[in-house]
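The values are calculated or read from the model by the stated rules, or taken from the named source; none is laboratory data. Please read all numbers here as calculations on a predicted model, not as lab measurements. Cβ coordinates were reconstructed from backbone atoms using ideal geometry, including for glycine residues, and neighbour counts include every protein chain displayed.
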Amino acid sequence: MSDDFLTAKEACKILKCNLVTLWRYVKDGKIKKHVITRKNVRYSKNEIQAYIRSVVA
């Protein structure tokens with residue numbers, strides 16, 4: 001399975017949350033952000049899906 005990376009907007013769409021909630025998940029260590037450059041941050045689609053599975057289970 002390839003590890004696709006998503007923008008914050010795409011990650012929020014999958015998580016059905018807003019940007020502030022996504023930032024809180026990152027701060028709390030629930031989701032990891034991948035910093036490409038200072039202004040370019042991505043989120044792993046696999047990690048987001050794993051987080052969703054852990055919350056639902």
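Restricting attention to the range 1-22, does a residue exist that is more than 10 Å from the chain's Cα centre (by Cα), at pLDDT below 95 and among the small types (Gly, Ala, Ser)? The answer is yes, given that some residue of the range 1-22 is more than 10 Å from the chain's Cα centre (by Cα), at pLDDT below 95 and among the small types (Gly, Ala, Ser).
The lone criterion from (1) of a type in the set (A, V, I, L, M); (2) without any contact (Cβ under 8 Å) to a residue 12 or more places away in the chain; (3) assigned to a loop (DSSP other than H, G, I, E, B) left unmet by Val20 is number (3).
State which residue is surrounded by the most Cβ atoms within 10 Å (Cβ to Cβ) when the search covers only the range 36-57 and only residues that are outside any helix (DSSP H, G or I) and not charged (D, E, K, R). My answer is Tyr43. When the residues of the range 24-35 are filtered to those that are surrounded by 10 or more Cβ atoms within 10 Å (Cβ to Cβ) and in contact with a strand residue (DSSP E or B) (Cβ under 9 Å, 6 or more places away or on another chain), the one that is nearest to Val56 (Cα to Cα) is Ile31.
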